[in-house]
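Bear in mind that the values in this text are calculations on the coordinates, not laboratory data. Quick caveat: nothing in here was measured; it's all calculated off a predicted structure. Here the Cβ positions follow ideal geometry from the backbone for every residue, glycine too, while neighbour counts run over all protein chains shown.
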Ligand code: TXA
Ligand code: MG
């Protein structure tokens, strides 16, 4: 890919970005917290392209950005407590981790197979216009290379991801400058997963419930969420052939019962990974066998996830 273009976040720029996102090509966009790398949350291929650009070595679940509460409710189940927080802080820098709605139109890769989904209604007018123009929820991690700090200006994004993404919409410096507060909303309590500009006191006041400060970083290394989806069936890796009773997941020249990517494309495999693990787990098979995946590019993240799925438990 050639140099990354930076264009103004005016109506022409937003229209161009929306067209690219509809084609599955991620675009960096301003939000009030930090710049995000936005893609169509309903498309596994689009989400795989986000991970590929960031060079993430594992699949950390992504935040889904919505334009309104109605769109949020198609994706997640909002309890009365969640509604109180939405009323108080949306649009704005609050992300809520909620149970996924049945038949949510979200690619499995967005949540890395979790039964919960992180949702935020951003306040930034450019991000809101983009969600409207695309007409779909947008998955967006911070727009920086994996392991480097978040970007608060279009130039930071271009420096961090130059040649890895096509386009940055320049909406000026981000107002908040730190990532959104993330809170897991449970029945009648809240768990703080990431501190941000919406504080614990603000959450307690608006929610009227106690808050556990169990920060994610304190208990879990990136991508090692304890609640991570693990199949209920045993998983065997590097399987060129299947044993009797196994659901064989293929890749490349290993066909399997179903293939992650017959053309050995790691992006296609990433896009299908979690949906296929769910399908294999729900099948009549006793175990799951997975073909070898090369340890390069997105293959690193796929293998990281597969090793977790296969780990003894
Ligand atoms: O301000 C923000 O939140 C920015 C802008 C672009 O919206 N986005 C952002 O995304 O910071 P990211 O991917 O850099 O951080 C999202 C965090 C990750 O640490 C991820 O593990 C967590 O959200 N997360 C996402 N889904 C989750 C879930 N279902 N359960 C627990 N944590 C989740
Ligand atoms: Mg980040």
Completion exercise
Expected sort for 233, 54 with the fewest Cβ neighbours (10 Å cutoff) up front is 233, 54
Exercise for the section: At 10 °C and 1.306 mPa s, grab the translational diffusion coefficient of segment 235-310 from Stokes-Einstein with a Kirkwood Rh over Cα pairs, rounded to a whole number in µm² per second. Expected result: 133 µm²/s
Exercise for the section: Quick one: compute the contact order of segment 55-139, relative version, from alpha carbon pairs under 8 angstrom and 6+ residues apart, as a percent. Expected result: 45 percent
Completion exercise
Of the convex hull drawn through the C-alpha atoms of the chain, the volume per residue in Å³ is 124 Å³
Fill in the blank from the handout: Expressed in µm² per second, the diffusion coefficient of segment 230-270 from the Stokes-Einstein equation, with Rh the Kirkwood radius over alpha carbon pairs, at 25 °C and 0.890 mPa s, is 228 µm²/s
Exercise for the section: Return the ratio Rg/(2.2 N^0.38 Å) for segment 1-54, where Rg is computed over Cα atoms only. Expected result: 1.11
Problem - Per-pair calculated FRET efficiency, R0 = 25 Å: residue 283 and residue 103 via Cβ, rounded to 0.05 - result: 0.80
Exercise for the section: Compute the semi-axes of the equivalent ellipsoid of segment 26-69, taking the square root of 5 times each eigenvalue of the Cα gyration tensor, and list them largest first in whole Å. Expected result: 18, 13, 10
Handout entry: √(5λ) per eigenvalue of the Cα gyration tensor, segment 92-159, largest first, Å
Key = 23, 16, 11
Handout entry: Relative contact order, percent, the chain [alpha-carbon distance under 8 Å, six or more residues apart]
Key = 23 percent
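Counting alpha carbon pairs within less than 8 Å and at least 6 residues apart, what relative contact order, in whole percent, applies to segment 1-157?
Values: 293 pairs, mean separation 54.7, N = 157.
Answer for segment 1-157 is 35 percent.
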Practice task
Using only the alpha carbons of segment 31-142, determine the length spanned along each of the three principal axes and report them from longest to shortest in whole angstroms.
Solution key: 36, 30, 23
Handout entry: Rounded to 5, the percent of DSSP beta bridges in the chain classed as antiparallel
Key = 45 percent
